[in-house]
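Report on the structure given below.
What follows is calculated from the coordinates using simple rules that are stated; it is not laboratory data. The structure displayed is predicted, hence computed values, not measured ones. When we count neighbours, we look across all protein chains shown, and the Cβ atoms used for this are built from the backbone with ideal geometry, even at glycine.
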Amino acid sequence: MSERSDFYNDFFGNPDISEREKYKYYTLNNSNVLVEKEKIRKIVTKKGLSSVMNDTKWLKLQNAIKQLPFPPPYIEKLIIEDKTYEEVKISKTPHWLGNWEPFYNEGMYLFFTIEYIKVRPCYAEHRGNLVAPKIFDETEEFKNLLKELHIPYEEDEGIFTIFGYR
């Protein structure tokens, strides 16, 4: 193993270092991330967007998801993608759970790259080919969590859209 990977394992695996400190360190010191940040900044300026969420709010949301019965499924639209709002779809009752883990655990993308996420706080558990799936719904819990954290969102037919930029 190289010194760099040893450092990253020690740093990101250290429970005494906060998620905010880990995120901040990585986004300020990784040369690839710095290049990506500049690229994103130019796209945001070109599209005339403004930041809605900040790192602190994303981190609080990411951490608070652990309080819910299950990590709600979501789909993200990254700022570099050329998709319309209508093209970014999430099913009515997803059969998968959302990965709200930190970026270094191959979870969520770096926050500054997320234009928005669409969250469907429902989960359909497969119980067999001849049996209807069991539906778990944490819509109210999720809505309360967003309100508690003062995270702006739009809700449409049970889909919550959280904008990183608008």
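Where does the chain land at 222 nm, in deg cm²/dmol rounded to the nearest 500, when only DSSP H runs of n ≥ 4 count, each adding -39500 (n - 2.57), divided by all residues?
Rounded to the nearest 500, the figure is -10500 deg cm²/dmol.
For residue 24, list the lysines whose Cα falls under 19 Å from its own Cα; do not include residues on the same chain fewer than 8 positions away.
Correct list for residue 24: 37, 39, 57, 60.
How large are Rg and Dmax for the stretch 49-163 when only the alpha carbon atoms are used, in Å?
14.3, 49
Helix 55-64 versus the longest principal axis of the chain: what is the Cα-based angle in degrees, 0 to 90, to the nearest 10?
Compared with the principal axis, the helix lies near 40 degrees.
Let a ≥ b ≥ c be the square roots of the eigenvalues of the Cα gyration tensor of the stretch 1-74; is it rounded (a/c under 1.5), or, if not, prolate (a/b larger than b/c) or oblate?
Judged from the Cα gyration tensor, the stretch 1-74 comes out oblate (a/c at least 1.5, b/c at or above a/b).
Take the alpha-carbon centre of the stretch 67-116, take the same for the stretch 7-30, and report the distance between them in whole Å.
About 22 Å separates the Cα centre of the stretch 67-116 from the one of the stretch 7-30.
Tabulate in residue order the Karplus-calculated ³J(HN,Hα) for the stretch 33-42, using 6.51 cos²θ - 1.76 cosθ + 1.60 with θ = phi - 60°, rounded to whole Hz; enter x for Gly and Pro.
Rounded to whole hertz, the list is 5, 4, 5, 4, 4, 5, 4, 5, 4, 5.
Can you order the peptides 112-121, 16-25, 129-138 by their average number of other Cβ atoms within 10 Å per residue, highest first?
Final packing ranking: 112-121, 16-25, 129-138.
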